[in-house]
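What follows is a single structure, written as structure tokens, with notes after it.
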Amino acid sequence: MFTITDFTGQIYLNAKIHNANPNRAAELNAIAAALSTDPSTHDTTITRAPTGLQPGQHGNTRFTNDVLLVVNAGKGGNLTPLAMSNAITAELSKIFPPVNTSAPAVTGTGAVGNTLTVTNGNWTYVPTSYAYRWQRNGTPIAGAGAANPTYVLAAADSGTNVACIVTATNAAGSASATSNAIAVA
């Protein structure tokens with residue numbers, strides 16, 4: 001029997017084998033999206049899969065065809081399309097480092113003694129941790145800890161702009177994004 005563990009292992013292996021393909025993430029996301037609406041429950045020899053899930057289609061890359069063969073093996077092993085879609089989505093965070101899709105945002109009033117708070121922003125590929133680097137006019141602020149999404153404005157911040165760089169990390173790596181800056185009176 002083909003298990004979900006077998007399936008995710010094969011997806012990961014194919015992504016590594018085809019690491020020169022710059023569209024791996026987009027192709028995996030497209031397959032996951034097609035699976036999430038796929039009503040079929042068995043491989044293409046039993047029930048015809050939707051066009052987006054058929055290996056060998058004109059325009060498919062070798063990577064897409066290889067992954068679709070794994071999908072069909074999963075269907076033949078009685079894995080549900082939804083389970084495979086979820087597994088592909090989860091596997092992406094083991095293959096690709098986070099990508100920022102909307103910047104972190106600092107909120108708070110720019111006056112000495114007030115607290116600024118930064119959001120993480122939005123990221124793809126499931127970050128498992130975040131680190132924060134507070135900056136004054138683009139220079140790191142000494143003592144503003146990496147684990148702290150808040151910062152209390154000090155006298156040294158008066159007349160400057162304070163922002164935060166948020167670093168998101170998952171099993172595949174890290175990426176950073178910079179927030180807006182708050183002007184401090």
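General remarks:
For every residue, the table says whether it meets (1) surrounded by fewer than 18 Cβ atoms within 10 Å (Cβ to Cβ); (2) over 30 Å from residue 2 (Cα atoms).
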position	(1), (2)
87	no, no
105	yes, yes
108	yes, yes
118	no, yes
131	yes, yes
144	no, yes
150	yes, yes
172	yes, no
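- Selection count where residues are of a type in the set (Ser, Thr, Tyr) and out of contact with any strand residue (DSSP E or B) (no Cβ under 7 Å at 6 or more places or on another chain), scope the stretch 143-185: 1
- Some residue of the stretch 112-126 being modelled with pLDDT under 95, within 28 Å of residue 87 (Cβ to Cβ) and among the polar types (S, T, N, Q): yes
- Remark: pairs (first residue in the stretch 103-120, within 11 Å of residue 153 (Cα to Cα); second residue acidic (Asp, Glu) and crowded, with 18+ Cβ neighbours inside 10 Å; Cβ separation under 8 Å; 6+ apart in sequence or on different chains) = 112/157.
- Residue list for the stretch 89-103, filter: over 16 Å from residue 164 (Cα atoms) and either surrounded by fewer than 17 Cβ atoms within 10 Å (Cβ to Cβ) or of a type in the set (Gly, Ala, Ser) (or both): 90, 93, 94, 99, 101
- Of 126, 118, 112, all but one fail to be over 30 Å from residue 27 (Cα atoms) and touching a strand residue (DSSP E or B) at 6+ places or on another chain (Cβ under 7 Å); the exception is 118.
- Subset tally (residues that are more than 22 Å from residue 82 (Cα to Cα) and either exposed (fewer than 13 other Cβ atoms within 10 Å of the Cβ) or in contact (Cβ under 8 Å) with a residue 60 or more places away in the chain (or both)) for the stretch 1-22: 5
- The set of residues from the stretch 130-170 being on the phi < 0 side of the Ramachandran plot and at pLDDT below 95 comprises 142, 144, 145, 146, 147, 148.
- Considering residues of the stretch 23-78 that are of a type in the set (Ser, Thr, Tyr) and at pLDDT 85 or above only, the residue most open to solvent (accessible area, probe 1.4 Å): 61
- For residue 183, the requirement of being surrounded by fewer than 18 Cβ atoms within 10 Å (Cβ to Cβ) and within 23 Å of the chain's Cα centre (by Cα) is not met.
- Selection status of residue 85, part of a helix (DSSP H, G or I), at pLDDT 90 or above, in contact with a Pro (Cβ under 9 Å, 6 or more places away or on another chain) and within 21 Å of residue 172 (Cα to Cα): no
The values are calculated or read from the model by the stated rules, or taken from the named source; none is laboratory data. All values derive from a computational prediction rather than experimental measurement. Neighbour counts are summed over all protein chains in view; Cβ atoms, including those assigned to glycine, are modelled from backbone coordinates with ideal geometry. For accessibility, only protein heavy atoms count, side chains too; no ligands or nucleic acids. Shrake-Rupley method; radii C 1.70, N 1.55, O 1.52, S 1.80 Å.
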